[in-house]
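Everything on this sheet refers to the single structure shown next.
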There are 2 protein chains.
Amino acid sequence: MDSMGIDLLIVTDPANMFWLTGYDAWSFYVPQAVVIPVSGSPSWFGREMDANGARRTTTLPEQAIFGYPEALVQNPRAHPMTELARVIVAQGHGSGSIGVEKDSSFFSISSFERLAAAAPNASFKDASNLVNWARAVKSPREIEYMKCAGRIVEKMHVEILAKIRPGLRKNELIGAIYEAGLLGVDGKGGDYPAIVPMAPTGVDASAPHLTWDDRPIPPDSGTFFEIAGCYRRYHCPQSRTVYLGRPPDKYRTGEGIILEGIDRVLSFIRPGVTCEEVDNVWRRVLNKYGVQKESRSGYSIGAGYPPDWGEHTMSFRAGDQTQLVEGMAFHFIPALWFEDWGIEISESIVVTPSGCEILSHTPRKLFVK
Amino acid sequence: MDSMGIDLLIVTDPANMFWLTGYDAWSFYVPQAVVIPVSGSPSWFGREMDANGARRTTTLPEQAIFGYPEALVQNPRAHPMTELARVIVAQGHGSGSIGVEKDSSFFSISSFERLAAAAPNASFKDASNLVNWARAVKSPREIEYMKCAGRIVEKMHVEILAKIRPGLRKNELIGAIYEAGLLGVDGKGGDYPAIVPMAPTGVDASAPHLTWDDRPIPPDSGTFFEIAGCYRRYHCPQSRTVYLGRPPDKYRTGEGIILEGIDRVLSFIRPGVTCEEVDNVWRRVLNKYGVQKESRSGYSIGAGYPPDWGEHTMSFRAGDQTQLVEGMAFHFIPALWFEDWGIEISESIVVTPSGCEILSHTPRKLFVK
């Protein structure tokens, strides 16, 4: 904040609010924020009925919790951000330099316009991803939570393999995946992942982000499962693909390319290499086999809320010169989507002093049943 | 659009995109839109890797599907909305009047700034909720889907009552709720609700939007379950409260107030009455018992994506003069949250020619086990 010349930061990304204060509730569909002065203590601002949620999930003192009246909720004639501006002006920040997250899903254009109109002497700067970057290097406790999420996603894949069969309706399988994910491991219960299971079959698997339907899974078909375990909002995403029947050669070829890519990338990752260099290792494998693929091959992960478990900072792709540091965590997803099919096998990792460690230990292969 | 003087509408709310075109994928964490000219056909704009999702879930012709390059995803040096502006200008709308949804969770401030910068001759108008309002009156097919969601949420409550017991860890119960919700009814599989289960116990139930943890449910405690069935993106929310043991008088008193409120409101609702009048019926019950409660008592529902199954149009509250029309659907939620406990019993309804019909038939009472 100091180096950006910001006196006050208004944080609206729910994962950033959680990381800064512990606030954890499904209230991000109405305007809310954690507000941080460059010197001083953070405060929580949200709907009056959610103030008790802040009292229950954060250690903020009572005078740092501001609830706005219910009449302002989804009301075209009034807006919560007018009230936040009033609080900010009253605290002496009315002519300050205020950072806002212009990329946050839960800080709307209306919210910003109302805030700016009611604090006309303030100047606003885009502080998108300032907190996200602060989250990039994980603490030992955060890594412990992500490893717990990793054990949870292992169980979810075990459940998929146990249950999947031709004729099973996809929604029933998804129900079993949720149950395994929420049951958790070792007495540690599962939380909701920031993305629902993506589990497209056959031609649908040409599209990376379809979720599920209620049709029976056909024989002789491939389905990928892009899922995550989640523990206390920390994620371990991990994809696997299951083929029911004897896989066509293209699935075996795809499996070979991806496994070679994962082997090479995981043995390359270490502190000091750049995100672009990691991606290049994967590109060289793709080039060797003459496969075209544009999308990034990985991204930073950690705590998250819908719609995304990604941290929106580093990506494994051309141009990203960020150097890896011990404690950073990534989802490496060298997936292949073609015109009429797709295959995903992915791993989540944390950077260690001399390399990297995998967060989950599901067997790494194309599953065939 | 005509009466607002809009030549082109850029729709970014995923529920609106779905309602207009059928597009259904978990891709709203990157910029995307359905674009509609005032005369002409809609087109889909999104990430290149998601174009196959548009081909799989919509009937849009190939020339109406625009995929932007992967390099623009979460890249500080480039932005998808610059590309959308290019498409719009190329289509002759560069100096038009363009409607955007300034309240949409998935149309960020950055997106709007980039779009406006790359279409400098266009003028932009706030068309928030224009499509939401068009969704307010449901078709017979939509009502059929919501009734299916209603049967699904009935099963979810049956499962809760069957499974809940002192000592059961909350996360295990939530897993069972998900499994019941996804299994569906009558061969119709469940979809993911736009909000995860909210299931706070005891003092936590003073906060309406806490989700769950992995602690055992204690004996002699009340837990409310604010959940929804979901079928093909259509929702039927329904809350119930379960007390384990002999409920203290305050729970019985709360139950009585809420049941009286539901009885009175459901027998009052009919075409022609206003949202405010509906709320006043509930307020009179609250006043009779001397209970203070600020929050609105209901809101319009239908198709939805995270973070909300509400439609963001009508609310049952003071000042909302919208007249009810046959086919509108609402979640009436006369919940009571106090300093150290809370109780929820709610119903979703559709307005009929002469009154209203309940969408789900779970027994309406405080459950005691």
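When A:168, A:173, A:130 are screened for being closer than 22 Å to residue A:11 by Cβ, open to solvent by less than 60 Å² (accessible area, probe 1.4 Å) and in contact (Cβ under 8 Å) with a residue 12 or more places away in the chain, only A:130 passes.
Anything in region A:180-215 that is within 8 Å of chain B (Cβ to nearest Cβ), under 16 Å from residue B:212 (Cβ atoms) and part of a loop (DSSP other than H, G, I, E, B)? List them, or say none. Hits for region A:180-215 are A:184, A:187, A:189, A:190, A:191, A:192. Kindly provide the set of residues from region B:308-334 that are aliphatic (A, V, I, L, M), touching a strand residue (DSSP E or B) at 6+ places or on another chain (Cβ under 8 Å) and either within 9 Å of chain A (Cβ to nearest Cβ) or open to solvent by 20 Å² or more (accessible area, probe 1.4 Å) (or both), ordered by number. Within region B:308-334, B:325 is the sole residue that qualifies. Applying a threshold of 6 Å to beta carbon distances and a minimum spacing of six or more residues, or different chains, the list of pairs starting in region A:258-284 at a residue that is at positive phi and ending at one that is hydroxyl-bearing (Ser, Thr, Tyr) is empty.
When the test is whether a residue is in contact with a Leu (Cβ under 9 Å, 6 or more places away or on another chain), within 14 Å of chain A (Cβ to nearest Cβ), more than 20 Å from residue B:102 (Cβ to Cβ) and open to solvent by less than 10 Å² (accessible area, probe 1.4 Å), residue B:25 passes it.
Hey, could you check region B:73-93 for residues that are buried (at least 19 other Cβ atoms within 10 Å of the Cβ) and free of Cβ contacts under 8 Å to residues at least 60 places away in the same chain and say which is farthest from the other protein chains (Cβ to nearest Cβ)? So the residue we want is B:85.
Region A:251-369 holds strands (runs of 3 or more DSSP E) entirely within its bounds, and those carrying 3 or more residues that are closer than 18 Å to residue A:226 by Cβ map to A:298-305, A:308-315, A:329-332, A:347-351. Kindly indicate whether residue B:296 is of a type in the set (D, E, K, R) and either at pLDDT 95 or above or surrounded by fewer than 17 Cβ atoms within 10 Å (Cβ to Cβ) (or both). So residue B:296 fails the test. Residues of region B:98-123 that are surrounded by fewer than 18 Cβ atoms within 10 Å (Cβ to Cβ) and either among the aliphatic types (A, V, I, L, M) or within 27 Å of residue A:77 (Cα to Cα) (or both): B:113, B:116, B:117, B:123.
This table checks each residue for (1) within 29 Å of residue B:180 (Cα to Cα); (2) among the small types (Gly, Ala, Ser); (3) over 21 Å from the mean Cα position of the chain (by Cα).
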site: B:231; (1), (2), (3): yes, no, no
site: B:243; (1), (2), (3): yes, no, yes
site: B:247; (1), (2), (3): yes, no, yes
site: B:278; (1), (2), (3): no, no, no
site: B:282; (1), (2), (3): no, no, yes
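All but one of (1) at the interface with chain A (Cβ under 10 Å from one of its Cβ atoms); (2) open to solvent by less than 40 Å² (accessible area, probe 1.4 Å) hold for residue B:55; state the number of the condition that does not hold. Going through the list (1) at the interface with chain A (Cβ under 10 Å from one of its Cβ atoms); (2) open to solvent by less than 40 Å² (accessible area, probe 1.4 Å), residue B:55 breaks only (2).
Taking residue A:341, is it surrounded by fewer than 24 Cβ atoms within 10 Å (Cβ to Cβ), under 28 Å from residue A:164 (Cα atoms) and within 14 Å of chain B (Cβ to nearest Cβ)? Spelling it out, residue A:341 is indeed surrounded by fewer than 24 Cβ atoms within 10 Å (Cβ to Cβ), under 28 Å from residue A:164 (Cα atoms) and within 14 Å of chain B (Cβ to nearest Cβ).
Looking at the structure I just gave you, is residue B:139 more than 14 Å from every other protein chain (Cβ to nearest Cβ), under 31 Å from the mean Cα position of the chain (by Cα) and open to solvent by 30 Å² or more (accessible area, probe 1.4 Å)? The answer is yes for residue B:139.
Every condition in (1) over 23 Å from the mean Cα position of the chain (by Cα); (2) within 12 Å of chain A (Cβ to nearest Cβ) is met by residue B:122 except one, and the failing one is (2). Count of region A:154-179 residues, restricted to those that are under 15 Å from residue B:171 (Cα atoms), within 8 Å of chain B (Cβ to nearest Cβ) and of a type in the set (A, V, I, L, M, F, W, C), is 1. Consider region B:28-52 and keep the residues that are within 12 Å of chain A (Cβ to nearest Cβ) and free of Cβ contacts under 8 Å to residues at least 60 places away in the same chain. The one that is nearest to residue B:109 (Cα to Cα) is B:30. A single entry from B:48, B:62 fulfils the requirement of being surrounded by fewer than 18 Cβ atoms within 10 Å (Cβ to Cβ), closer than 20 Å to residue B:85 by Cβ and not polar (S, T, N, Q): B:48. What do you reckon, is residue B:147 open to solvent by less than 50 Å² (accessible area, probe 1.4 Å) and either at positive phi or away from chain A (no Cβ under 14 Å) (or both)? Criteria not met by residue B:147.
Residue-level check: of (1) open to solvent by less than 10 Å² (accessible area, probe 1.4 Å); (2) within 21 Å of residue B:49 (Cβ to Cβ); (3) not aromatic (Phe, Trp, Tyr), residue A:287 misses just (1). Every test in (1) in contact with an Asp or Glu (Cβ under 9 Å, 6 or more places away or on another chain); (2) away from chain A (no Cβ under 14 Å) is passed by residue B:257 save one, and that test is (1). Among the residues of region B:216-242, the one identified as hydroxyl-bearing (Ser, Thr, Tyr) and within 12 Å of chain A (Cβ to nearest Cβ) is B:231.
The values are calculated or read from the model by the stated rules, or taken from the named source; none is laboratory data. Remember, predicted model here, so these are calculated numbers, not experimental data. Reconstructed Cβ throughout: ideal geometry from the backbone, glycine too, with neighbour counts over all protein chains shown. Each accessible area value is taken on the protein alone, full model and side chains, heavy atoms only, with ligands, DNA and RNA left out. Shrake-Rupley method; radii C 1.70, N 1.55, O 1.52, S 1.80 Å.
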